[in-house]
Amino acid sequence: MNRPTVDTEVITKAIMLACRAPSLHNSQPWRWLVGTGEVDLFSDDTRTLRATDSSGRETLISCGAALGHFRIAMAAAGWDTNVDRFPNPNELDHLATVDFSPAHFVTAAQRERADAILLRRTDRLPFGAPTDWDSFESVLRTTFDPTVASLDVLADDARPTLAEASRLTESLRRYDQYYHDELRWWTEPFRMFQGLPHSALVSEEENARVGVNRQFPGGEHSDRRPEQLADQAKIVVISTPEHTRADALNCGEVLSTVLLEATMAGLATCPLTSITELAESRQAIERLIGDGGFPQVLIRMGRAPALEHPPAPTPRRPLSEVMQMRR
């Protein structure tokens, strides 16, 4: 059966939106190969942060988030996506082959979710408490397949445990020179289309009021949001049944959906993987969620000041570096 042919411009726009997905230190570890009637997604292992992400788990989560964004963008353009994950066992970097079929209709919610891709930011500053959380949480749980991932909302009194787990992570890495060299490289100025600009980082004072951020070098801002004396964000955990490559990729797709649903609800968000990178600190999360599987990502969700300018979008690599047309 011949696959339907999708206009290259539609696919290109969808890949541009897909590349707005969050990734570890804005490393953008993905490659796209566009053919006739299908698109292949590969991980770019040259962009895996070996000191921070020694197993490559966060590379897979990042690519899964990009895949999720891509499917959302294609749905808004009127195309259903059919995904074959890990189609070639001999090519570990070949994560997915996607082909398409025309959608019967496009809903307003699908368009709004795609629109949210360009509105989403990672905001590391303290948040105010979200409003109407119970209603939002009930909707959020219907937006992904519960057999591939689970979502736990941590109780407010779990905050000291999270802060302690965050401090433990930093303590265990205090003398890891490779880790700190990697952090410095990805936060240095003039990285152009990659890495974290200083505007996206927080100062020590700001970080202290959040308590569960990764500690980056170079946060030299004055104390922003001084009226927010303590972070009041809700913290959710996305977990998967096991700790496989497929689980990590699935987690990324769920992360894509959850972040965009929060953005549509007017919430600021900040994904956190630092606490789940090391077994010692990850065990603290496992104790908090009980038999909830393998904790992959934490997300802070809350309210940013209504009149405050949103954070500037972090840079992205040129499309010519991440997308190639199949000959």
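The values are calculated or read from the model by the stated rules, or taken from the named source; none is laboratory data. Remember, predicted model here, so these are calculated numbers, not experimental data. With ideal geometry, Cβ positions are generated from the backbone for all residues, glycine too; neighbour counts draw on all protein chains shown.
When the residues of region 225-244 are filtered to those that are touching a Gly at 6+ places or on another chain (Cβ under 8 Å) and more than 14 Å from L125 (Cα to Cα), the one that is surrounded by the most Cβ atoms within 10 Å (Cβ to Cβ) is V237. Quick check: anything in region 201-217 within 27 Å of A306 (Cα to Cα), surrounded by fewer than 13 Cβ atoms within 10 Å (Cβ to Cβ) and free of Cβ contacts under 8 Å to residues at least 40 places away in the same chain? Within region 201-217 (the criterion being within 27 Å of A306 (Cα to Cα), surrounded by fewer than 13 Cβ atoms within 10 Å (Cβ to Cβ) and free of Cβ contacts under 8 Å to residues at least 40 places away in the same chain), the answer is yes, since at least one residue qualifies. Please verify whether region 8-17 includes one or more residues that are outside any loop (DSSP other than H, G, I, E, B), among the basic types (K, R) and closer than 18 Å to R245 by Cα. No, every residue in region 8-17 fails to be outside any loop (DSSP other than H, G, I, E, B), among the basic types (K, R) and closer than 18 Å to R245 by Cα. Out of the residues in region 40-49 that are among the charged types (D, E, K, R) and at pLDDT 95 or above, state the one that is nearest to I11 (Cα to Cα). Residue satisfying both the conditions and the ranking: D40. Filtering region 8-37 to residues that are over 26 Å from F190 (Cβ atoms) and either modelled with pLDDT under 95 or polar (S, T, N, Q) (or both) leaves T8, T12, G35, T36, G37.
Give the residues of region 241-283 that are among the hydroxyl-bearing types (S, T, Y) and under 23 Å from Y179 (Cα atoms), sorted by residue number. Answer for region 241-283, where residues must be among the hydroxyl-bearing types (S, T, Y) and under 23 Å from Y179 (Cα atoms): T273, S274, T276, S281. Picking from residues in region 173-194 that are among the basic types (K, R) and closer than 22 Å to S281 by Cα, the one that is farthest from the chain's Cα centre (by Cα) is R174.
Restricting to region 130-140, count the residues that are surrounded by 14 or more Cβ atoms within 10 Å (Cβ to Cβ) and either aromatic (F, W, Y) or out of contact with any Leu (no Cβ under 6 Å at 6 or more places or on another chain) (or both).
Matching residues across region 130-140 total 4.
Among the numbered conditions (1) modelled with pLDDT of 95 or more; (2) under 27 Å from A51 (Cα atoms); (3) outside any helix (DSSP H, G or I), the only one that T314 does not meet is (1).
Of the residues contained in region 172-186, none is found to be among the acidic types (D, E), part of a helix (DSSP H, G or I) and either on the phi > 0 side of the Ramachandran plot or not assigned by TED's automatic domain parsing to the domain that holds T244 (or both).
Of the residues making up region 295-314, those that are crowded, with 16+ Cβ neighbours inside 10 Å and not polar (S, T, N, Q) are P295, V297, L298, I299, R300, M301, G302, R303, A304, P311.
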